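Enquirer: The structure's right below; bear with me while I get my questions together.
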Amino acid sequence: MSQLDVAIIGGGISGLSALHYLRKKNADLDIRLFESDSKPGGTIGTDYIDGYSFDHGPNGFLDREPLTLQLCDELGLTNHLERANENASKRFILRKGKLREVPMSPPKFLSSDILSLKGKLRVIMEPFSSGLGDTKDESLYDFAKRHMGQEAADYLIQPMVSGIFGGLAERLSLKSCFPIMAEMEKEYGSLFKAMIQKSRKAKAVGKKSGGPGGPGGRLTSVEGGLYGIVERFVELYSDFIQLDTPVKSFSREDDTYLIHVDNSQTIKARHIIIATPSYVAAEITKQLSEKLSASLSKIDYAPIAVVCQGYHKSNIKHPLDGFGFLVPQKEKLRILGSIWTSSIFAERAPKDHVQFRSMIGGDGDHESLQLSDADMLSTVESDLDSIIGIKAAPEITSIYRWQKGIPQYKIGHSEVMKQIEAELGKFENIYISGNAYYGIGLNDCVKQSYA
């Protein structure tokens, strides 16, 4: 193989997006994407079994990011996008064994039973909460407790954090996970005050404001399952994708990088984009820079298992009239939550059947991933039965295990990123992209690849 202009290592959404943008920018570039697996997509995958479509990992993206929507349009997917229906706006949190609807407006919050009267009064006092916390770094839990009280931190913030990151709020960094929140506090002191100001500014220009975490958005997928976006990349760029090609290491020869792969082949490239998980990047950069490798190794991952199950709807007591639910740690269950996929997306289950996507594991429960399939299913079914009422065994089940599933932006993550950036700065024409660095969502990966 002649010297490549660009070598992309990793065929997840980050690597595929980078390939698309580079081809769009300059079709004459000699580019090759190398993926260690037999198919691209990373954690994105969809199985189609007996009328069900089961997503292995992520099940969509929020349609608040114009760049992702533009990417879908460039891929010819605009007419094949599917936005979650109105059920998605109705979400639940488990408290004292009962599902409580998450209030989406001040009047509903005041009348809800998700917090005690004392807990609601403490949230209402948020504009008078204590000033800035640790200006260097602060955990999401400490931030929430300081602004809204311990009860809200336990029953609103912690389950939300486990649902997004599979993590523990007391370990994760506010400014790395939700930088907009940190900036809002810095500018306004209070999240309520900040949201009021954002709402006024949005109305002035005819837009809707989002919540304190950032702009709002609607969960969006591709008809039939999220893997449709990966399949479209493959349709367009199969000639530039080389599968079953694990990269072992890099070295440098003058202004050229030498990429050493498992079959003893050496590939030359002028530019390299590393779009693998950070722990893989740490291994393959060790020969190039031990300091860079060590910094990349500092990013931890939470284990997560996605358990997809199908039932006849007559065997479920709950009406499933919503998005699903999250489970606070204080409820002492093993599942983190469950998404009622067939309630929010069409054709994800056969007629008169329903699909659940339940998550188990996370940074607070590494042991769950060691359970056998039978024990994991028994645990999930027992937890689900206690919450929504199940009268029979599932008709179909698929388990997707991710021993290193979701990057954890723990306290100190921003300092780790400074170290990584400093080490990368010592080399020319080598870049990183992926969900371990500046955002874990699909939108974040697309933005990094575009940049």
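Rule-based calculations on the coordinates, nothing more; no lab input. All figures in this text were calculated on a predicted structure; none of them were measured in a lab. Ideal geometry is used to build each Cβ from the backbone, glycine not excepted, and the neighbour counts take in all protein chains shown.
Enquirer: What do you get for Rg/Rh over segment 115-205 if you use C-alpha atoms and the Kirkwood form of Rh?
Expert: Computed over Cα atoms, the ratio is 0.98.
Enquirer: Compute, for segment 115-205, the length of the dipole vector about the Cα centre, with Cβ point charges of +1 (Lys, Arg) and -1 (Asp, Glu) only. Units Debye, rounded to 20.
Expert: Value, rounded to 20: 440 debye.
Enquirer: Amide H to amide H, which residues 5 or more places from ILE8 or on other chains are under 5 Å from it, using H placed in the peptide plane?
Expert: Under 5 Å from the amide H of ILE8 lie the amide H atoms of ARG32, LEU33, PHE34, ILE273, each far enough along the sequence or on another chain.
Enquirer: Would you mind estimating how fast segment 55-96 diffuses translationally, via Stokes-Einstein at 37 °C and 0.692 mPa s with the Kirkwood radius over Cα pairs, in µm²/s? Show your work: numbers first, answer last.
Expert: Working: Rh = 12.7 Å.
Answer from the Stokes-Einstein relation: 259 µm²/s.
Enquirer: Could you tell me the calculated FRET efficiency between ASP373 and ARG270, based on Cβ-Cβ distance and R0 = 51 angstrom, to the nearest 0.05?
Expert: E(calc), rounded to 0.05, equals 0.65.
Enquirer: List the residues whose amide H sits under 5 Å from the amide H of LEU336, counting only those 5 or more places along or on another chain, with H placed 1.01 Å from N in the peptide plane.
Expert: MET359, ILE360, GLY361
Enquirer: Can you figure out the FRET efficiency of GLU86 with ALA346, using R₀ = 22 Å and their beta-carbon distance, to the nearest 0.05?
Expert: E(calc), rounded to 0.05, equals 0.95.
Enquirer: Arrange the following residues from fewest to most other Cβ atoms within 10 Å of their Cβ: THR256, THR245, THR341.
Expert: So the residues, fewest neighbours to most, are THR256, THR245, THR341.
Enquirer: What is the dipole size for the chain, taken about its Cα centre, with +1 at each Lys and Arg Cβ and -1 at each Asp and Glu Cβ, in debye to the nearest 20?
Expert: 1940
Enquirer: Antiparallel versus total DSSP beta bridges in segment 1-151: what percent is that, nearest 5? Walk me through the numbers before you get to the answer.
Expert: On the way: 8 of 12 bridges.
Of all bridge pairs located within segment 1-151, approximately 65 percent are antiparallel.
Enquirer: Based on other C-beta atoms within 10 Å, arrange ASP300, ASP255, ASP244 from fewest to most.
Expert: By the 10 Å Cβ count, ascending, the order reads ASP255, ASP244, ASP300.
Enquirer: In the chain, if the dipole is taken from +1 on Lys/Arg beta carbons and -1 on Asp/Glu beta carbons about the Cα centre, which of GLN242, SER278, ILE299 is farthest to the positive end?
Expert: The listed residue farthest towards the positive side: ILE299.
Enquirer: What list of ³J(HN,Hα) couplings, whole Hz, do you get for segment 235-247 from phi and the Karplus terms 6.51, -1.76, 1.60, once you set θ to phi - 60° and write x for glycine and proline?
Expert: 4, 7, 10, 4, 5, 10, 10, 10, 8, 6, 10, x, 8
Enquirer: Taking the alpha-carbon distance from LYS330 and a cut-off under 19 Å, which aspartates and glutamates remain once sequence neighbours fewer than 8 residues away in the same chain are dropped?
Expert: By straight Cα distance, LYS330 reaches GLU101, ASP113, ASP142, GLU151, ASP154, GLU170, ASP363, ASP365, GLU367, ASP383, ASP385.
Enquirer: Can I ask one more? Tally Lys and Arg at +1 and Asp and Glu at -1 over the other residues with C-beta under 11 Å from the C-beta of PRO246: what net charge comes out?
Expert: -4
Enquirer: Same structure, new question: For segment 244-342, which trypsin sites (Lys or Arg not before Pro) pass both filters: DSSP loop (anything but H, G, I, E, B) and at most 13 other C-beta atoms within 10 Å?
Expert: Listed in order of number, the matching sites are LYS317, LYS332.
Enquirer: List, in order, the whole-Hz ³J(HN,Hα) value for each residue of segment 265-276 obtained from phi through the Karplus relation with A = 6.51, B = -1.76, C = 1.60 and θ = phi - 60°; use x for Gly and Pro.
Expert: 7, 10, 10, 9, 8, 7, 10, 10, 10, 9, 10, 9
Enquirer: Using the Karplus equation 6.51 cos²θ - 1.76 cosθ + 1.60 (θ = phi - 60°), what ³J(HN,Hα) coupling, rounded to whole Hz, does each residue of segment 439-451 give in order, writing x for Gly and Pro?
Expert: x, 8, x, 4, 4, 4, 5, 5, 4, 5, 5, 5, 5
Enquirer: Only bridges whose two residues both fall in the chain count here: according to DSSP, what percent of them are antiparallel, nearest 5?
Expert: Beta bridges within the chain, antiparallel portion: roughly 75 percent.
Enquirer: Which entries in the list LYS426/LYS447; LYS268/LYS418; LYS120/LYS332; LYS248/LYS291; LYS145/LYS410 go over 20 Å, if you measure between the two C-alpha atoms of each? Intermediate values should be presented prior to the final figure.
Expert: Working: LYS426/LYS447 24 Å; LYS268/LYS418 28 Å; LYS120/LYS332 23 Å; LYS248/LYS291 17 Å; LYS145/LYS410 17 Å.
Distance filter (> 20 Å) returns LYS426/LYS447; LYS268/LYS418; LYS120/LYS332.
Enquirer: Given an 8 Å cut-off on Cα distances and at least 6 residues of separation, report the relative contact order of the chain as a percent.
Expert: 24
Enquirer: Next question. Which of HIS271, HIS353, HIS366, HIS56 has the fewest other C-beta atoms within 10 Å, and how do the rest follow up to the most? Don't jump to the answer; show the numbers that get you there.
Expert: Details: HIS271 17, HIS353 20, HIS366 12, HIS56 23.
Fewest to most other Cβ atoms nearby, the residues stand as HIS366, HIS271, HIS353, HIS56.
Enquirer: For the chain, what is the calculated [θ] at 222 nm in deg cm²/dmol (nearest 500), taking -39500 (n - 2.57) for each run of four or more DSSP H residues and dividing by its residue count?
Expert: So the calculated ellipticity at 222 nm is -9500 deg cm²/dmol.
Enquirer: Largest first, please: the extent of the C-alpha atoms of segment 11-118 along each principal axis, to the nearest Å.
Expert: Each principal axis gives a Cα extent; for segment 11-118 these are 64, 33, 27 Å.
Enquirer: Please give the net charge around GLY166, taking every other residue with its beta carbon less than 10 angstrom from that of GLY166, where Lys and Arg add +1 and Asp and Glu add -1.
Expert: -2
Enquirer: May I pose another question? What pairs from LYS25/LYS186; LYS24/LYS186; LYS96/LYS313 go past 30 Å between their alpha carbons?
Expert: From LYS25/LYS186; LYS24/LYS186; LYS96/LYS313, over 30 Å: LYS25/LYS186; LYS24/LYS186.
Enquirer: Take the chain, drop everything but the C-alpha atoms, weight them equally and run the Debye formula without solvent; then report log10 I(q)/I(0) at 0.14 Å⁻¹ to two decimals.
Expert: Taking Cα atoms of the chain as identical point scatterers yields -1.44.
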